[in-house]
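Laboratory data are not the source of any read-out in this text; all were calculated from the coordinates shown. Since the model is a prediction, treat every value here as computed from it, not as a measurement. Don't worry about glycine lacking a Cβ; one is built from the backbone with ideal geometry, like all the others, and counts go over all protein chains shown.
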Amino acid sequence: MKRTLGVCYYPEHWPESQWAEDAARMAALGLTWVRIGEFAWARMEPTPGTLDWAWLDRAIETLGAAGLKVVLGTPTATPPRWILAKHPDMIAVDRDGKPRGFGSRRHYCFSHRPYRQECARIVGLMAERYGKNPHVAAWQTDNEYACHDTVLSYSVAAQQAFRDWLAQRYQSPEALNRAWGNVFWSMDYASFDEINLPNLTVTEANPAHVMAHRRFASDEVASFNRLQTQIIRRHTDAPIAHNYMGQITDFDHFAVGADLDIASWDAYPLGFLSDRLPATAEHKRRFVRQGDPDFQAFHHDLYRAVGRGRWWIMEQQPGPVNWAPWNPDPLPGMARLWAWEAFAHGAEAVCYFRWRQAPFAQEQMHAGLLRPDSVAAPAFEEAALVARELADMPNVEPARADVALVFDYASAWAWETQPQGRDFSYFRLVFEAYKALRRLGLNIDILPPDTADLSGYKLVLAPGVATLSAAFIGALGSFTGTALLGPRTNAKTEEFATPVPLPPNLPGLNATVARVESLPPDVPVPLTERGNFLHWREKVETTAEVLETTQDGWPALIKSGGIHYLTGWPDDAAWAQLLIGLSNAQGIDTDTLPEGLRRRDTPTHRFFFNYNSVAVDWGDATIPAAGVYWAKH
């Protein structure tokens, strides 16, 4: 498949006299896609029932006449002020009971049914009008579900929808009481109407109640998205995408992805490094203008799985952003590197955000490919270079990896609900495993937690999965490679109880987690061979083969057949020792890379990406700072 570039554009922000010139410059730059419309509801329908499509008709025609393809976004992330006046109770409410008001975006509650009807109406009108338009070649639903902590709402609408969800799941209050263990602290309910949302409790709410609320909230996002995709599909065969974000686990992206054709995500490497990534101050200083060497790749692989092979970057950072604690300028070359790394991981398109920097409102400090005065910003020429390289480069296809890593959104909710240690983070645990694999030069496929077939992989990692699915347990039973699970695997039932037999209860592995401990970061548990356990350690009783122990005598790594169980959270040295051994035993070649240099293999080429601010010599090549190097196998 031919890989392409695109950009995000807001014709409603600019004089119509400027549109044709913009479109011509986009086409001359080598862009293919232009995303529009996702924030323009107030221009489409300025007052209730008064529809103005003429400007959007002309914008789409102008872009199409220049040879560009349009991604049309549904505008439901920014309902106009008149909708709030019509439905004042549609506002989301935070966990402290405070309403989240008008004046920015995402000011709606997923559970508000009349707002959903408004969404269905505007999406239906858009799909009827543009579904067969030859220039509208793809669609995007809404924008960045979960942005600004908006999945969990504690509104009246959410409470009623939660009660309905509970009634369908449990059928009777008695069954719910048994499932949640409500005999504890006299928390029994006589009616579903007595059950409130799990906020404003004196101390922590019942974790089963919290976990049920997390599942419900995720289902609400999925059904909200499904409402839109079903309407759009009645009028077009064009593919439908949604733009997810980095390190967001508030809802199950696999569940939303089941109703999409393409998974896309919004990649802001410098913003994420500054704002979200758990890393040392030294690491953040080293990569302050480049981004973490593995964070983007992790999400590329994740969304390739969510999209069942089809994925894009819908928003790629081109310069400083406006929303992080600090917003440095990217090192020259990074806009090119980020795009090529995405293509090497199988992206169909990389779309820069945005075409022109806005001179007004909240994002006026967010850089684009053009400055506010329409002069080219530094990333403009880097995008042009990528476009020229794509024209000369054979199609870049992803390769099936030898190594797979399971990612489970429900496990993130589980360990947020009951972390047991202040710094226990499911995302961080999985991401550190991913980073350790990448430092060894390995390709990784990410798998959903209900994967039923592991054949074709040599090494599969599933750290920290709170509740293993029956499908995955079945897959483990027939897997002929090496599986590495733990710590904290299979430690809860789906209703958030401790299971008996005790964890990990894995096929053929005679092992029982007798005790667990969470530890402050300055209290490591040294291993016998190399490295330490940090944050979390389990004391396991077992008759299985012990491959590694802690220095105080407890099993650290055990195995039975191909199933291995890790009893703690490894540091970098321990991860390296462990993964080199398991990989080599499976005939997987490892290549320990210099800090900041990463490798990606495709069926035809080997790519290297240098995230360092200085050149790196590797093999016969010198890869410049922020450089990309590739060669045929």
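Say the dipole of the chain comes from +1 at the beta carbon of Lys and Arg and -1 at that of Asp and Glu; which of 543, 53, 114 then lies farthest toward its positive end?
In the chain, that residue is 53.
In nanometres, what is the gap between the two model label sites at residue 50 and residue 186, each 7 Å from Cα along Cα-to-Cβ?
Result: 5.9 nm between the two label points.
Report the extension gain between residue 632 and residue 422 in nm, rounded to one decimal, defined as 0.36 nm multiplied by the number of residues separating them, less their alpha carbon distance.
Working: separation 210, 0.36 × 210 = 75.60 nm, distance 4.67 nm.
Gain on extension, residue 632 to residue 422, equals 70.9 nm.
Lys/Arg Cβ at +1, Asp/Glu Cβ at -1, dipole of the chain taken about the Cα centre: which of 462, 594, 444 is farthest positive-ward?
Toward the positive end, the furthest listed residue is 444.
Would you mind checking 284/435; 98/492; 86/132; 458/492; 284/539; 492/559 for any pair whose Cα atoms are more than 24 angstrom apart?
Working: 284/435 15 Å; 98/492 32 Å; 86/132 32 Å; 458/492 28 Å; 284/539 34 Å; 492/559 21 Å.
In this structure, 98/492; 86/132; 458/492; 284/539 lie more than 24 Å apart at Cα.
Given the options 582, 553, 425, identify the residue whose Cα lies farthest towards the positive end of the charge dipole of region 403-585 (+1 on Cβ of Lys, Arg; -1 on Cβ of Asp, Glu).
After comparing all options, I get 582.
Which length gain, in nm to one decimal place, applies between residue 322 and residue 495 when the Cα-Cα distance is subtracted from 0.36 nm times their residue separation?
Stretched out fully, the residue 322 to residue 495 stretch lengthens by 58.2 nm.
With +1 on the Cβ of every Lys and Arg and -1 on the Cβ of every Asp and Glu, and nothing else charged, how large is the dipole of region 342-487 about its Cα centre, in debye rounded to the nearest 20?
Values: 11 positive and 16 negative charges, 63 e Å.
So the magnitude is around 300 debye.
Please get the size of the charge dipole for the chain, origin at its Cα centre, with Cβ charges of +1 on Lys and Arg and -1 on Asp and Glu, quoted in debye to the nearest 20.
Details: 59 positive and 73 negative charges, 152 e Å.
Here the size comes out at about 740 debye.
Note down the net charge around residue 430, summing +1 for each Lys or Arg and -1 for each Asp or Glu among other residues with Cβ under 12 Å from its Cβ.
On the way: positive: 428, 435, 488; negative: 294, 301, 408, 432.
Net of charged neighbours comes to -1.
Given the chain, what percent of its DSSP beta bridges are antiparallel, to the nearest 5?
Working: 37 of 81 bridges.
Roughly 45 percent of the beta bridges in the chain run antiparallel, per DSSP.
In nm, to one decimal, how far is the modelled label at residue 517 from the one at residue 473, with both set 7 Å along Cα→Cβ?
3.0
Efficiency by 1/(1 + (r/R0)^6): what FRET value for residue 510 and residue 308, r their Cβ-Cβ distance, R0 = 41 Å, to the nearest 0.05? Don't skip to the end; give the middle numbers.
Values: r = 37 Å, r/R0 = 0.90.
Here the calculated transfer efficiency is 0.65.
Return, ordered by residue number, the residues of region 464-484 whose backbone nitrogen is under 18 Å from a label point located 7 Å along Cα→Cβ of residue 455.
471-483
Translational diffusion coefficient of region 385-443 at 37 °C, 0.692 mPa s, Stokes-Einstein with Kirkwood Rh over Cα pairs, in µm²/s as a whole number.
Numbers: Rh = 14.6 Å.
Rounded to a whole number, D works out at 224 µm²/s.
Enumerate the calculated ³J(HN,Hα) couplings along region 38-45 in order (Karplus 6.51 cos²θ - 1.76 cosθ + 1.60, θ = phi - 60°), each rounded to whole Hz, writing x wherever the residue is Gly or Pro.
Running phi through 6.51 cos²θ - 1.76 cosθ + 1.60 with θ = phi - 60° gives 6, 10, 10, 4, 5, 8, 6, 9 Hz.
Which distance in nm do the two modelled labels at residue 85 and residue 178 give, with both placed 7 Å along the Cα-to-Cβ direction?
According to this spin-label approximation, the distance is 5.4 nm.
Gain in length, residue 199 to residue 363, computed as 0.36 nm per residue apart minus the alpha-carbon separation, to one decimal in nm? Write out the running numbers ahead of the final one.
Numbers: separation 164, 0.36 × 164 = 59.04 nm, distance 3.25 nm.
Taking 0.36 nm per residue and subtracting the Cα distance, the gain is 55.8 nm.
Could you please rank 51, 152, placing first whichever residue has the fewest other Cβ atoms within 10 Å of its Cβ?
51, 152
What ranking, highest mean first, results for peptides 321-330, 463-472, 113-122 when packing means the other Cβ atoms within 10 Å averaged over each residue? If you can, show how the numbers build up before the last one.
Values: 321-330: 15.6, 463-472: 21.4, 113-122: 17.4.
Result, highest mean Cβ count within 10 Å first: 463-472, 113-122, 321-330.
Counting Lys and Arg as +1 and Asp and Glu as -1, what is the net charge of the other residues whose Cβ lies under 14 Å from the Cβ of residue 88?
On the way: positive: 81, 86, 100; negative: 89, 118.
Residues near residue 88 contribute +1 overall.
Based on other C-beta atoms within 10 Å, arrange 221, 516 from fewest to most.
In order of increasing Cβ crowding within 10 Å: 516, 221.
Ordered by residue, what ³J(HN,Hα) values in Hz, to whole numbers, does region 568-575 give under the Karplus form 6.51 cos²θ - 1.76 cosθ + 1.60, where θ = phi - 60° and Gly and Pro are x?
Here the 3J(HN,Hα) series is x, 9, x, 7, 4, 5, 5, 4 Hz.
Out of the DSSP beta bridges found with both residues in region 364-513, what percent are antiparallel (nearest 5)? Each step should come with its number before you reach the end.
On the way: 2 of 13 bridges.
Once the DSSP bridges in region 364-513 are tallied, antiparallel ones form about 15 percent.
Would you tally the net charge around residue 107, using a Cβ to Cβ cut-off of less than 14 Å, leaving residue 107 out, and scoring K and R as +1, D and E as -1? Don't skip to the end; give the middle numbers.
On the way: positive: 81, 86, 98, 100, 105, 106; negative: 89, 94, 118, 142, 144, 149.
Within the 14 Å Cβ shell, the charges total 0.
Please get the size of the charge dipole for region 403-585, origin at its Cα centre, with Cβ charges of +1 on Lys and Arg and -1 on Asp and Glu, quoted in debye to the nearest 20.
Numbers: 13 positive and 19 negative charges, 46 e Å.
That gives region 403-585 a dipole magnitude of about 220 debye.
Apply the Karplus curve 6.51 cos²θ - 1.76 cosθ + 1.60, θ = phi - 60°, to the phi angles in region 576-586 and return the couplings in whole Hz, x for Gly and Pro.
So the Karplus estimates, Gly and Pro as x, are 4, 4, 5, 6, 4, x, 5, 5, 4, 5, 9 Hz.
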